[in-house]
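Here the structure is laid out as structure tokens; the discussion comes afterwards.
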Amino acid sequence: MKCKNHADGCPWYMRAIKPKKGANWVVRKWGQGHTCLNQGLAQDHRQLDSNVICAAIMNMLKEDPSTRPALIQERIQGTYGYNITYRKAWKAKMKAIVKLFGDWEKSYAFLPNWLKYMTEVNVGSVFKLDTNQCFDERRVYTDRAVFQRVFWTFHQCIEAFKHCKPIIQIDGTHLYGKYRGILLIATSQDGDGFLLPIAFAVVPP
């Protein structure tokens with residue numbers, strides 16, 4: 001078997017045989033996943049799942065990771081004429097985010113090592129990471145820690161601030177994703193009036 005869009009470049013195919021001894025078919029070869037989507041899918045077609053939608057919106061999220069599920073619904077409806085649920089759009093977005101930028105939990109777990117490595121290769125850089133210990137079901141402390149807030153600045157920023165105007169401006173923006181927070185950036189101005197970032201922090205909303 002092969003996809004009916006095989007001539008248009010879809011690589012999906014499957015080869016199976018039925019052994020002389022035995023009643024069950026045996027799959028010998030299995031091609032790659034579908035890269036196409038039938039334009040004539042019925043509104044209740046099960047093949048239009050979050051995995052297919054994820055592949056369809058990868059470029060969209062690569063350009064703008066904060067794209068809302070409602071816009072994904074509009075994109076799928078406009079492209080394929082299919083109305084997907086908000087939940088399916090959200091699920092597809094989360095899968096695409098993980099493929100593009102990595103898993104949320106793994107990223108937070110890697111943060112302490114990244115900060116430590118930063119101070120080793122960029123001597124003079126500074127960071128402060130605050131976490132809370134986790135409880136288990138018996139309300140006993142475990143070895144796991146939960147991220148609370150982090151502050152960091154690079155050695156170059158510290159040195160550059162010595163030559164800036166004696167003024168600090170702080171601005172913040174909300175983070176959108178599985179875990180919410182606020183990214184704070186402290187900036188100053190150099191002698192030509194250009195902005196210079198001098199410190200960064202992620203804090204609870």
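For beta carbons closer than 8 Å, sequence separation of 6+ or different chains, a first residue in segment 93-115 that is within 20 Å of Asn59 (Cα to Cα) and modelled with pLDDT of 85 or more and a second that is part of a loop (DSSP other than H, G, I, E, B) and of a type in the set (Val, Ile, Thr), the qualifying pairs are Lys93/Ile57; Lys93/Thr67; Ala96/Ile57.
Scanning segment 12-26 for residues that are modelled with pLDDT of 80 or more and either outside any loop (DSSP other than H, G, I, E, B) or open to solvent by less than 50 Å² (accessible area, probe 1.4 Å) (or both) returns Tyr13, Met14, Arg15, Ala16, Ile17, Pro19, Val26. For segment 46-121, the helices (runs of 4 or more DSSP H) that sit wholly inside it and include 1 or more residues that are acidic (Asp, Glu) are 58-63, 69-80, 104-121.
One line per residue, one yes/no per condition, for (1) part of a strand (DSSP E or B); (2) farther than 30 Å from Lys91 by Cα; (3) not hydroxyl-bearing (Ser, Thr, Tyr):
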position	(1), (2), (3)
Phe151	yes, yes, yes
Cys157	no, yes, yes
Ala160	no, yes, yes
His163	no, yes, yes
Tyr179	no, no, no
Leu183	yes, no, yes
Gly191	no, yes, yes
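In summary, Phe127 fulfils each of the numbered conditions (1) among the aromatic types (Phe, Trp, Tyr); (2) in contact with a strand residue (DSSP E or B) (Cβ under 8 Å, 6 or more places away or on another chain); (3) touching a residue at least 40 places away in the same chain (Cβ under 8 Å) with the single exception of condition (3). So Leu175 fits all but one of (1) open to solvent by 40 Å² or more (accessible area, probe 1.4 Å); (2) within 16 Å of Ser66 (Cα to Cα); (3) in contact with a helix residue (DSSP H, G or I) (Cβ under 8 Å, 6 or more places away or on another chain); what number is the exception? The failed condition is (3).
The values are calculated or read from the model by the stated rules, or taken from the named source; none is laboratory data. Here the structure is a predicted model, which means the values were calculated and not measured. Neighbour counts run over all protein chains shown; Cβ positions are idealised from the backbone, glycine included. What goes into the accessible areas is simple: the full protein's heavy atoms, side chains included, and nothing from ligands, DNA or RNA. Shrake-Rupley method; radii C 1.70, N 1.55, O 1.52, S 1.80 Å.
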